[in-house]
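For reference, the structure discussed in these notes is given below.
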Amino acid sequence: MVQAKKTYIEQHYTFSVSEFEGLWEMTFMHPFNREEHVSIYVVAPNSYYEHATLKDIPIVEAGPRLSEVLNNLLFKIEYYPYSWGLSGKKIVSYGYDFESDYTGTAITTIDLTAIAHKEVNEYFNFFSGLEVNVVNESETVSGKGVMSKLRLDLDRAKEVNDLSLDFFTEYPIELLSLMYQGTDGSVYEIPLSKSVQTNSSIHLHFSPVTAKTFFLIIKQESYTLINAIKSNEEISKNELWLQASERSQTLYQAAVSDYLDDIFPSQSGILLHQEIIDSYKNINSDVAEPSRNPLNPYRSDFDIAKAALDSEQR
């Protein structure tokens with residue numbers, strides 16, 4: 001198998017993207033003529049494109065190292081258009097920055113060299129993939145408080161660019177880390193530069209990500225555990241307090257009982273007693289069955305009364 005010959009690129013001049021799903025535009029020094037510049041569009045993991053060229057500029061696939069960097073860089077971008085901080089700079093001072101299959105007239109792939117990949121990761125402070133189980137369940141308490149991991153599951157995978165959380169607690173809560181699980185199953189970290197935190201809520205705004213599951217690492221520094229071990233003196237004080245509490249409760253109940261005994265023979269007590277007795281008179285009393293006879297015919301009552309009056313007048 002014949003391995004394709006690599007063409008090394010010494011330096012790039014610009015590297016930018018105009019929108020979230022856009023292609024990255026790059027210009028670099030022509031590897032065979034230092035006086036010329038070459039322009040290409042680079043496909044990032046989130047890029048969307050339909051044609052092989054755009055404005056007569058070739059669209060080039062990013063290699064695995066460059067794709068990894070662009071995927072991680074996606075979550076550090078806070079606004080568009082965006083140009084990365086290495087534009088116009090030599091990434092590797094003593095070597096090549098990129099490698100490609102550029103022939104002088106055609107190019108289909110471009111990637112960071114191994115040493116440039118290391119330098120870029122250090123420049124942007126990128127690390128290896130995150131571990132999902134960040135917090136050990138057996139070590140939930142630290143010396144400065146409690147730290148725990150919160151998992152949020154949405155109804156489905158969707159594009160999300162903000163989160164708001166309300167915590168029902170009187171102690172302040174601090175968000176230490178925000179992560180999400182991508183559609184590929186990997187876990188990625190989202191920068192917290194846009195988070196607004198109060199004692200009871202956290203508001204987050206970040207570049208759009210497609211995810212169903214989010215992980216938050218939160219901490220309460222104000223919380224401290226109480227030592228369960230008590231001295232004999234503390235135990236004695238607690239027992240005395242319990243005895244005093246029981247005695248106070250007994251005295252209170254006795255005082256209330258005496259008070260009720262005092263007011264019951266009084267006038268107000270007698271009236272209350274009488275009202276209660278009267279109310280029982282309506283209980284279980286016989287109620288006459290309503291008459292089912294038809295009503296008197298129309299004007300019959302009037303006619304009877306009129307006849308009676310007429311007879312008396314005669």
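The values are calculated or read from the model by the stated rules, or taken from the named source; none is laboratory data. Model, not experiment: these values are computed from the prediction. Quick reminder, even Gly has a Cβ in these numbers, built from the backbone with ideal geometry, and neighbours come from all protein chains shown. SASA here: full protein model, heavy atoms, side chains in, ligands and nucleic acids out. Shrake-Rupley method; radii C 1.70, N 1.55, O 1.52, S 1.80 Å.
Each row is one residue, and each column tells you yes or no for (1) open to solvent by less than 40 Å² (accessible area, probe 1.4 Å); (2) at pLDDT 80 or above; (3) among the acidic types (Asp, Glu).
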position	(1), (2), (3)
SER142	no, no, no
LEU163	yes, yes, no
GLU170	no, no, yes
GLY182	yes, yes, no
LEU192	no, no, no
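Would you mind stating whether LEU225 is open to solvent by 90 Å² or more (accessible area, probe 1.4 Å), touching a strand residue (DSSP E or B) at 6+ places or on another chain (Cβ under 9 Å) and modelled with pLDDT under 70? Answer is yes for this residue.
Going by the structure shown, is ASN71 out of contact with any helix residue (DSSP H, G or I) (no Cβ under 6 Å at 6 or more places or on another chain) and at pLDDT below 85? No; evaluated as a whole, the condition is false for this residue. Within the range 93-125, restricting attention to residues that are free of Cβ contacts under 8 Å to residues at least 40 places away in the same chain and farther than 15 Å from LYS6 by Cβ, which residue is farthest from the chain's Cα centre (by Cα)? The residue in question is THR105. Just so you know, in the range 212-222 the residues that are at pLDDT 65 or above and over 13 Å from the mean Cα position of the chain (by Cα) include one that is farthest from GLU159 (Cα to Cα), and it is GLU221.
Looking across the range 120-129 at every residue that is open to solvent by 60 Å² or more (accessible area, probe 1.4 Å) and either assigned to a loop (DSSP other than H, G, I, E, B) or small (Gly, Ala, Ser) (or both), the one that is modelled with the highest pLDDT is identified as ASN125.
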